[in-house]
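Below is one structure, written out as structure tokens, with a few remarks after it.
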Amino acid sequence: GLLEATARLLAPWMTARGLLKPGESGLAVLVTAENAAVHARTVQASFESAGWRVALEVLPAGEPTKRLEIISGLYDRLVDLQADRRTLIVAVGGGVIGDAAGFLAATYTRGLPFLQVPTTLLADVDSSVGGKVGVNHPRAKNLIGAFHQPIGVVIDTAALRTLPDREYRAGLAEVVKYGVILDAEFFDWQAREQSALNSRDPAALRHAIARSCRLKGGVVEQDEYERTGLRAVLNYG
């Protein structure tokens, strides 16, 4: 329901901002990883039911996907699709896919609209918020990148049911970190609700994700381009 509503609302929203022509059927290019393809197909069906033309690109899972060679192949695919500045890039997956698809959106024709659909808890509360996108250089992680804010982030906690326990706990660690760094009351709430969080209770997850995003968003709003040093607080800086 959430995805279908988003897909229906996006076309008029983009039209009002000159990103689509009135009555035009939008083209959405979905970028996902093999381990998130089941979620990407759900997103694809939602967009197609809302009248979008959809192309699905499935990349290998894991950090090696964040390479210029992979992005170059996606550039070729966008050329084949005759993509232009009205084409919507949709990232469906974890942080690697968000970074790679976001970098694709930031650099093709000097910038395409970009929608984040994170499918891991860590991506929900961290990489999908803040606008940092990029790929790795052989000598350094995330050395090649840009600041490119998504037009929206759609988070469906149902996707977290399929997460392996290790990945889920990695996301929980990030949630705990926000409480320790920025919000003692939120940290106390986590301690009280640890059983619900560990069992992936939907209501507890909604609160934890929403509060984490608000905390990170508040820092990003003050230091979006990492010029004042404030944003380093998110890394215990």
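The values are calculated or read from the model by the stated rules, or taken from the named source; none is laboratory data. Quick caveat: nothing in here was measured; it's all calculated off a predicted structure. Using ideal geometry, Cβ is built from the backbone for each residue, glycine included, and neighbour counts are taken over all protein chains shown. Side chains are part of the model used for accessible areas, which takes the heavy atoms of the whole protein and leaves out ligands, DNA and RNA. Shrake-Rupley method; radii C 1.70, N 1.55, O 1.52, S 1.80 Å.
Residues checked against (1) more than 23 Å from residue 156 (Cα to Cα); (2) touching a residue at least 60 places away in the same chain (Cβ under 8 Å):
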residue: 19; (1), (2): yes, yes
residue: 37; (1), (2): no, no
residue: 57; (1), (2): no, no
residue: 101; (1), (2): no, yes
residue: 115; (1), (2): no, yes
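What about residue 226, is it under 25 Å from residue 103 (Cα atoms), in a helix (DSSP H, G or I) and open to solvent by 20 Å² or more (accessible area, probe 1.4 Å)? The answer is no for residue 226.
Scanning region 182-210 for residues that are part of a helix (DSSP H, G or I), under 18 Å from residue 120 (Cα atoms) and open to solvent by less than 80 Å² (accessible area, probe 1.4 Å) gives 196, 197, 198, 202, 203, 204, 205, 208, 209, 210. Sub-6 Å Cβ pairs linking a first residue in region 123-152 that is aromatic (Phe, Trp, Tyr) to a second residue that is open to solvent by less than 40 Å² (accessible area, probe 1.4 Å), at least 6 apart or interchain, are 147/131, ordered by first then second residue.
Considering region 163-181, the residues that are over 17 Å from the mean Cα position of the chain (by Cα) and within 17 Å of residue 61 (Cα to Cα) include one that is surrounded by the fewest Cβ atoms within 10 Å (Cβ to Cβ), namely 166. Checking 141, 216 one by one, the residue that is open to solvent by 40 Å² or more (accessible area, probe 1.4 Å), of a type in the set (D, E, K, R), touching a helix residue (DSSP H, G or I) at 6+ places or on another chain (Cβ under 9 Å) and not in a loop (DSSP other than H, G, I, E, B) is 141 and no other.
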